[in-house]
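Asker: Pasting in a structure now, in structure tokens, and then I'll have a few things to ask.
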């Protein structure tokens, strides 16, 4: 139910007539101000271009169009107008800005790299007569870091989990031995490293159903090297060092910055964050064509980094969405461990799973700064001074127990 039966321009007409009551009634009935007029303007655009109203009237109309109907949202809270999802959410909070091109390219023949993209309340293609559906959905997908390319967070998480299992095994013979086949003995150290990255990447998908130990028991772990060109293989001790150093290098690179800090805390499991902002003006548009469906999708971006505090073009951070209280527990631990404060006046939005929404009718839960402080105190207590000196292993162990604590429903947050 997006468009009112009274006509797609019902919200536009109400905006033109300062009819706040009609806007509120339509929204309470489940309709949304998403239709576009003949010029491609939404009701929000129509309001923004009006010059014949005073500030208080404009504010009331704006609030009626975007006020959250969720009872857990603070009084007067209005929904964000632009969203950005990322698996690198903690790094964004630590730096205080969205940064284009910080991490490796996403790839794709039509990909536009090094830009900051937003999902906002505009049309997705030129033949659409409504604003984007499921504004948060694509940012949520991007925030998962999915993909089989070696630069994706999903692949790197798999590399981390498997290399860690090998490096921390009780003995070198813990897993069956296999043979690593290389083209030649040229640049042997890099050849071994690249080959092991491919080996782990190719088996990473199995982590969805199997433990690292189960996978490695079946695939084996390379302990020998042979060359396709029949070059003489290195000796046993050299082989052991080459392979052992390569596995350690893989794990160390992930820990050293190639994997988001939240993933590391969460034992390689991605923790997606979706950031919600006030309206961002003057965005540019990048169009991607789909030859199979003969359609074109438009994505809005800016070339500059975007401070979470906003710019002259708007875009102040309003909310941060996490999937669960357990994920919020991990985020809270990360902030305490690295002395990062969440931006002031930012709400935390906990989004139920689709199954929870369907079966139990659950709505998103909003936590303001006071509720978040209560959650943090109930989770961590007051003695957090030593967290900054904990090793990664200690933080991972603590994270595991904190997530269990958050999931059992005993924490007071309201």
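The values are calculated or read from the model by the stated rules, or taken from the named source; none is laboratory data. None of the values given here were measured: they were computed from a predicted structure. All Cβ positions, glycine included, derive from the backbone under ideal geometry; neighbour counts span all protein chains shown.
Asker: Quick one: which of 145, 101, 85 is on the phi > 0 side of the Ramachandran plot and in contact with a helix residue (DSSP H, G or I) (Cβ under 9 Å, 6 or more places away or on another chain)?
Answerer: 145
Asker: In region 26-36, how many residues are surrounded by fewer than 14 Cβ atoms within 10 Å (Cβ to Cβ) and part of a helix (DSSP H, G or I)?
Answerer: Going through region 26-36 one residue at a time, the tally reaches 1.
Asker: Quick one: which helices (runs of 4 or more DSSP H) sit completely within region 37-144 and have at least 3 residues that are touching a residue at least 40 places away in the same chain (Cβ under 8 Å)?
Answerer: Answer list for region 37-144: 55-66, 89-95, 137-143.
Asker: Given the conditions (1) surrounded by 18 or more Cβ atoms within 10 Å (Cβ to Cβ); (2) within 19 Å of the chain's Cα centre (by Cα); (3) over 19 Å from residue 119 (Cα atoms), report the number of the one that residue 337 does not fulfil.
Answerer: (2)
Asker: For region 186-204, which residues satisfy the criterion of being out of contact with any helix residue (DSSP H, G or I) (no Cβ under 7 Å at 6 or more places or on another chain) and surrounded by 14 or more Cβ atoms within 10 Å (Cβ to Cβ)?
Answerer: 191, 194, 195, 199 - these are the residues of region 186-204 that are out of contact with any helix residue (DSSP H, G or I) (no Cβ under 7 Å at 6 or more places or on another chain) and surrounded by 14 or more Cβ atoms within 10 Å (Cβ to Cβ).
Asker: Another question about this same structure. What's the number of the condition residue 191 fails, among (1) within 30 Å of residue 324 (Cα to Cα); (2) free of Cβ contacts under 8 Å to residues at least 12 places away in the same chain?
Answerer: Evaluating residue 191 over (1) within 30 Å of residue 324 (Cα to Cα); (2) free of Cβ contacts under 8 Å to residues at least 12 places away in the same chain leaves (1) as the failure.
Asker: Under 9 Å between Cβ atoms, at least 6 apart or on separate chains: pull out the pairs that start in region 340-362 with a residue that is assigned by TED's automatic domain parsing to the domain that holds residue 309 and on the phi > 0 side of the Ramachandran plot and end on any residue that is surrounded by fewer than 18 Cβ atoms within 10 Å (Cβ to Cβ) and not in a strand (DSSP E or B).
Answerer: Pairs that qualify, where the first residue is assigned by TED's automatic domain parsing to the domain that holds residue 309 and on the phi > 0 side of the Ramachandran plot and the partner is surrounded by fewer than 18 Cβ atoms within 10 Å (Cβ to Cβ) and not in a strand (DSSP E or B), are 345/316; 345/368; 345/369.
Asker: Collect the residues in region 163-185 that are out of contact with any helix residue (DSSP H, G or I) (no Cβ under 7 Å at 6 or more places or on another chain), surrounded by 12 or more Cβ atoms within 10 Å (Cβ to Cβ) and in a loop (DSSP other than H, G, I, E, B), keeping them in residue-number order.
Answerer: Across region 163-185, the qualifying residues are 169, 172, 174, 184, 185.
Asker: Right, here's the next one. Filter region 380-394 down to the residues that are in a helix (DSSP H, G or I) and touching a residue at least 24 places away in the same chain (Cβ under 8 Å) and list them by number.
Answerer: Answer for region 380-394, where residues must be in a helix (DSSP H, G or I) and touching a residue at least 24 places away in the same chain (Cβ under 8 Å): 380, 387, 388, 392.
Asker: Still on this structure: Mind checking whether some residue in region 248-256 is loosely packed, with under 13 Cβ neighbours inside 10 Å, in contact (Cβ under 8 Å) with a residue 12 or more places away in the chain and either assigned to a helix (DSSP H, G or I) or on the phi > 0 side of the Ramachandran plot (or both)?
Answerer: no
Asker: Considering (1) assigned to a loop (DSSP other than H, G, I, E, B); (2) modelled with pLDDT of 95 or more, say which one residue 320 fails and leave the rest.
Answerer: Result: residue 320 passes all but (1).
Asker: Sticking with this one: Return the only residue of 403, 412 being farther than 27 Å from residue 278 by Cβ, touching a helix residue (DSSP H, G or I) at 6+ places or on another chain (Cβ under 7 Å) and not assigned by TED's automatic domain parsing to the domain that holds residue 310.
Answerer: Result of the check over 403, 412: 412.
Asker: Report yes if some residue within region 378-392 is closer than 16 Å to residue 326 by Cα and surrounded by fewer than 14 Cβ atoms within 10 Å (Cβ to Cβ); otherwise report no.
Answerer: Within region 378-392 (the criterion being closer than 16 Å to residue 326 by Cα and surrounded by fewer than 14 Cβ atoms within 10 Å (Cβ to Cβ)), the answer is no, since none of the residues qualifies.
Asker: From the set of residues in region 257-281 that are in a helix (DSSP H, G or I) and in contact with a helix residue (DSSP H, G or I) (Cβ under 8 Å, 6 or more places away or on another chain), which is nearest to residue 164 (Cα to Cα)?
Answerer: If we take residues in region 257-281 being in a helix (DSSP H, G or I) and in contact with a helix residue (DSSP H, G or I) (Cβ under 8 Å, 6 or more places away or on another chain), then 264 is nearest to residue 164 (Cα to Cα).
Asker: Do you know which residues across region 53-76 are modelled with pLDDT of 95 or more and over 17 Å from residue 25 (Cα atoms)?
Answerer: Answer for region 53-76, where residues must be modelled with pLDDT of 95 or more and over 17 Å from residue 25 (Cα atoms): 53, 54, 55, 56, 57, 58, 59.
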